[in-house]
Amino acid sequence: MQNYFMDKVGRNDLCPCGSGKKYKNCCIDKNRADNIIKPDFRALRGGSDVDDMAFAKAMLVEELGYSSMDALEKDFAKYVDYMKSDEGKLKSLSFKEFLGYKPVMEDDKDLLEALLACDDEQEVNNLLSEYMDKSNNSAIDDFLGLSSKQMSVLLSQSKNFEMWVRSIYPIVEIQNEVIHSDVSNLSMVKVFKYIVDEIEKNDGSIKITQTGNFNLALVNKIRKDVFGDSEENIKDCRLYSHQYLEMEIADFTLFFYDLVFTTSSKMKAKDSFFRFMTISEDRMYIVVWSMIFEMLIFYLPWGDLFYYDDEDKENLDFLKDMRMFFFYVMHKLDVSSKGAWIEVSDYVGILKKAHPDFLNEYFFNNVFLREVCYHLGFIEFKDSDDYYERYKFFKCTDLFREVMKWKI
């Protein structure tokens, strides 16, 4: 990258024009724009130097998250046309302001003038560092008051659940061992408890299929005893998607926590399983819910768990990456509604404003809300026989408020 300072003359040096005056009292104002070149800010203000403009655009592609230079050029062409219009001439917006970015300082001109007043490169670096720090810590309306720095914390990834909980602690405290809320009636918890009881009842093993799935006899018992399906319905109807999901999660959890192993025809208990089964009945439900919560929120890849086809996997993995921001927005809506019903379309509207190009509404509704949040007991839907009416509104539960203690 070219040096920003060329043929640097000190403020108190003799002016190179030969006037005999100090540089600061002579040609400093005339030469500042030539001696200090800041291509990105010059480009934002319509700088004409071709090399500077190309350099600035290359910086902006990365800074603003454009997928390609062509994508930026399209927006920049619109910006140039706008600046030539009567309205544009009056407003004199920077390119970033034109795109909707709000400057940290009163106006980009303030920053440009401050840069031009700097005596050396160190001052420029310090000023830009201060500017970026303010920018990263400024609340963003589309993120409901989160700064870009806070957003990056929420989206952070870690090697294990405990490290992840610590990393997001400045924004939200995760209390995954519930105390006040009753989780014993959640079907996901009941399915897991039913399966481990069956393993214990059958001398530490249950039959599985050749593909490693629970055998049909156990599946039908779960449908009848946990989900309340009638004999006629079990005979005539295939397994519902939510029933399959809850059995899958139970299966994943048993293996992840090293409670079982499999042979060609059976799932067998390890010693750790029998130690696990010594937990008291009341506490068992709390422990099971905590295990499932960790699996579903952190360890399990949603692109595999809720898998449809290769094209869907990217959308599902994005939902998983964004889960904490979704929970944050849910919290804000819960507070503003004072615990009342929230319209799903309002929720989706806020998320689309924050991420217009990435939010797949179908997967958000069917996976994040109906599968993850509902089955964890974080939300409830309106009781209605009309399918579409039932899922138009939701409200947060005390369990959600207990598990996630938001600090902002």
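The values are calculated or read from the model by the stated rules, or taken from the named source; none is laboratory data. Note that this is a predicted model, so its numbers are computed, not measured. A quick note on method: Cβ atoms are made from the backbone with ideal geometry, for glycine too, and the neighbour counts reach across all protein chains shown. Areas reflect the complete protein model, heavy atoms only, side chains present, ligands, DNA and RNA absent. Shrake-Rupley method; radii C 1.70, N 1.55, O 1.52, S 1.80 Å.
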Per residue value of the accessible surface for the range 248-314 (all protein chains in place, 1.4 Å probe), Å²: 50
Set of the range 336-366 residues, backbone N closer than 18 Å to the point 7 Å along the Cα-Cβ line of Asp321: 351-364
FRET efficiency, Phe161 to Lys78 (Cβ-Cβ, R0 41 Å, nearest 0.05): 0.35
Nearest-0.05 FRET efficiency for Asp357 and Asn185, computed from C-beta distance (R0 60 Å): 0.90
Inverse of mean 1/r across different Cα pairs in the range 137-263, Kirkwood, Å: 18.0
Long-range amide H partners of Thr262 with built H, under 5 Å: Lys268
Test item: Cα-centred dipole of the range 135-207, Lys/Arg +1 and Asp/Glu -1 on Cβ, debye: 200
Among Leu296, Ala269, His242 the positive-end extreme of the charge dipole of the range 239-345 (Cβ point charges): Ala269
Amide H partners (placed H, <5 Å) of Ile342, local residues excluded: Phe394, Lys395
Cross-link table Lys221/Lys268; Lys159/Lys190; Lys84/Lys353; Lys159/Lys193, entries beyond 23 Å C-alpha to C-alpha: Lys159/Lys190; Lys84/Lys353; Lys159/Lys193
Base-10 log of normalised Debye intensity for the range 210-277 (one unit scatterer per alpha-carbon) at q = 0.19 Å⁻¹: -0.84
Apportionment of accessible area to carbon and sulfur, the range 115-247, percent (1.4 Å): 48
Surface per residue (accessible, 1.4 Å probe) for the range 161-235, Å²: 55
Unit charges on C-beta of K, R, D, E only; dipole of the range 246-394, Debye: 540
Whole-Hz couplings from phi, Karplus 6.51/-1.76/1.60, listed for the range 344-359; x for Gly and Pro: 4, 5, 5, 4, 4, x, 5, 5, 5, 5, 6, 9, x, 8, 10, 7
Environment charge at Ser184 (Cβ cut-off 10 Å; Lys +1, Arg +1, Asp -1, Glu -1): -1
Local electrostatic count at Lys224 - Lys and Arg +1, Asp and Glu -1, tallied over other residues with Cβ under 12 Å: -1
5 angstrom amide H check on Ile208, placed H, neighbours 5+ away: Lys266, Met267
Hz values of 3J(HN,Hα) by residue in the range 224-234 - Karplus curve (6.51, -1.76, 1.60), Gly and Pro given as x: 6, 7, 9, 8, x, 5, 6, 4, 5, 5, 5
Charged-residue dipole, Cβ positions (Lys, Arg, Asp, Glu), the range 157-246 about Cα centre, Debye nearest 20: 280
Area of Ile179 that stays accessible when all protein chains are in place (1.4 Å probe, Å², to 10): 120
Cα→Cβ-extended label distance, 7 Å offset, between Arg283 and Lys313, nm: 4.1
Inter-label distance for Tyr169 and Glu130, nm, one decimal - labels placed 7 Å from Cα along Cα-to-Cβ: 3.3
Computed label-point distance, nm, for sites Tyr388 and Lys332 using a 7 Å Cα→Cβ extension: 3.0
Computed E for Asn213/Met69 - FRET, C-beta separation, R0 41 angstrom, nearest 0.05: 0.25
Table column - 3J(HN,Hα) (Hz), the range 276-289, Karplus curve with 6.51, -1.76, 1.60, x for Gly and Pro: 4, 6, 7, 5, 4, 4, 4, 6, 4, 5, 5, 5, 4, 4
Peptides 122-132, 193-203 ordered by average Cβ neighbours within 10 Å, highest first: 193-203, 122-132
